[in-house]
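Scroll down for the structure; my scribbles are underneath it.
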Amino acid sequence: MKSVVTTVVTAADAAGRFPSQNDLEAVQGNIQRAAARLEAAEKLANGWEKVTREAGDACFKKYPYLKQQGEAGSTQTKVDKCYRDLGHYLRLINYCLVVGGTGPLDEWGIAGAREVYRTLNLPTSAYVEALTYTRDRACSPRDMSPQALNEFKSYLDYAINSLS
Amino acid sequence: MLDAFSRTVISADAKNAAIGSGELATLRNYVAEGNKRLDAVNAITSNASCIVSDAVTGMICENTGLIQAGGNCYPNRRMAACLRDGEIVLRYISYALLAGDPSVLDDRCLNGLKETYIALGVPLQSAARAVSIMKASSTAHINETNTSGTNPDETRFRKMETVQGDCSALVAEAASYFDRVASALA
């Protein structure tokens, strides 16, 4: 899975050399930024259910037609699945914060998502609204430190852009 | 290939759960000990050729048949192959130590190594012995417990001169990667 360390190791291995000073510096830089990432991951994990709930509520509030007959949220089962999917996105963002790269979102969230949503006739704008709400609702220092919030929002933006 | 962080992600994904405080504690430890780890990798890479040539020399000293006609380190071409393989193994161990996870070592070095050596007629016991000598000298370099040995006039002896501290966890981790190679060859 793509992260700073694995990228560095892959490059060193392709050249057949030991990890160089440059490689070690790159990992060092990654480690220095890690504290903020891990803080964001922890705070997100702690509030995961609540964040998911609020994001889903926001999306159905903005698009109430989704609960009408024949739409993506017409039955309770479908609504539950919407909340579940949002939970998945937030869980993958939690993983991205831990890894320090977009690997988990790319591999498990974004790859094939467009095709799946088209086939199932799901509106991506609803996901965008939910994640945008989460992004704009999160604030510092109430939720997490400024640097951690920055990391968290950058992955939310990454997910939003992939769905837009 | 995984590192300490992505290993946690893979196991959390299997449980369909977010990564909470429990798992993060080990990762915070990786971060806190980060500089030690980088120094340990540096200790291995900076002394790589010394570690490898020492190990191969030691292996041959214990079994001089290797460099006699018909031995597996005779002629020079095969001796060179032996030194090269020692360096390759040490290189993958340095990657594993940097990543904090043995997957790169397993996938890219050990997978099929034993079968290859058997097919080529390389004595596995000698290879494992060279790895165990590399283990001894690498861990000594990381821990800075290396000595000039029996010769007091040895001038090539070197210490890394990093800040002293408790590196026992890292030494144990590095040792486990060498043991992994040894057991893959057994």
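The values are calculated or read from the model by the stated rules, or taken from the named source; none is laboratory data. Just so it is clear, the model here is predicted, and its values are computed rather than measured. Cβ coordinates were reconstructed from backbone atoms using ideal geometry, including for glycine residues, and neighbour counts include every protein chain displayed. Ligands, DNA and RNA are stripped out before the accessible areas are found, and what is left, the full protein with its side chains, is counted by its heavy atoms. Shrake-Rupley method; radii C 1.70, N 1.55, O 1.52, S 1.80 Å.
Here the dipole of the protein assembly as shown is about 700 debye; that uses its Cα centre as origin and unit charges on the Cβ of Lys and Arg (positive) and Asp and Glu (negative). For segment A:23-32, backbone phi angles converted through the Karplus equation (6.51, -1.76, 1.60; θ = phi - 60°) give residue-by-residue couplings of 4, 5, 4, 4, 5, 4, x, 4, 5, 5 Hz, Gly and Pro being listed as x. Helical content alone sets the calculated 222 nm signal of chain B at -21500 deg cm²/dmol, taking -39,500 (n - 2.57) per DSSP H segment of four or more residues and averaging over every residue.
Calculated translational diffusion coefficient of segment A:35-163 (20 °C, 1.002 mPa s; Stokes-Einstein with Kirkwood radius over alpha-carbon pairs) equals 144 µm²/s.
Look at the Cα gyration tensor of chain B: its axes a ≥ b ≥ c give a/c of at least 1.5 with a/b at or below b/c, and that counts as oblate.
For segment B:1-77, GluC sites (Glu not before Pro) meeting the loop criterion (DSSP other than H, G, I, E, B) and having at most 13 other Cβ atoms within 10 Å: none.
Applying a DSSP loop filter and a limit of 16 other Cβ atoms within 10 Å to the trypsin sites (Lys or Arg not before Pro) in segment B:1-89 leaves B:LYS15. Between A:GLN68 and A:ARG84, full extension at 0.36 nm per residue minus the direct alpha carbon distance yields a gain of 3.8 nm. For the pairs A:LYS50/A:LYS153; A:LYS50/A:LYS81; A:LYS62/B:LYS15; B:LYS15/B:LYS114, flag any whose C-alpha to C-alpha distance is greater than 25 Å. In this structure, A:LYS62/B:LYS15; B:LYS15/B:LYS114 exceed 25 Å between Cα atoms.
Bridgeable aspartates and glutamates around B:LYS135 (alpha carbons under 16 Å apart, same-chain partners fewer than 8 residues away excluded): B:ASP54, B:ASP85, B:GLU87, B:GLU144, B:GLU173, B:ASP179.
Take each residue in A:19-32, count the other chain C-beta atoms within 10 Å of its C-beta, and the mean is 4.
Computed with a 1.4 Å probe over protein heavy atoms only, the accessible area of A:PHE60 comes to about 20 Å².
Which whole-number percent gives the relative contact order of segment A:35-163, counting Cα pairs below 8 Å spaced six or more residues apart? Relative contact order here is 37 percent.
Of B:HIS141, A:HIS88, the order by accessible heavy-atom surface (1.4 Å probe, DNA, RNA and ligands excluded), from most exposed downward, is A:HIS88, B:HIS141. So what's the angle, to the nearest 10 degrees on a 0 to 90 scale, between helix B:76-99 and the longest Cα principal axis of chain B? Orientation of helix B:76-99: about 10 degrees from the principal axis.
The shape of segment B:111-186 comes out oblate: with a ≥ b ≥ c from the C-alpha gyration tensor, a/c is at least 1.5 while a/b does not beat b/c. Applying both filters, DSSP loop and at most 14 other Cβ atoms within 10 Å, to the trypsin sites (Lys or Arg not before Pro) of segment B:133-186 gives B:ARG156, B:ARG158, B:LYS159.
Ordered from highest to lowest accessible area with the whole protein assembly present and a 1.4 Å probe, B:THR8, B:THR162 read as B:THR162, B:THR8.
Shielding of peptide A:93-104 by partners, expressed as the average count of other chain Cβ atoms within 10 Å per residue Cβ, is 5. Chains B and A together bury roughly 3200 Å² of accessible area, counting both sides, with a 1.4 Å probe on protein heavy atoms only.
Shielding by partners for peptide A:9-16, expressed as the average number of C-beta atoms from other protein chains within 10 Å of each residue's C-beta, is 4.
Normalised Debye scattering of the protein assembly as shown at q = 0.12, 0.14, 0.16 Å⁻¹ gives log10 I(q)/I(0) of -0.88, -1.07, -1.27, counting only Cα atoms as equal scatterers and leaving out solvent.
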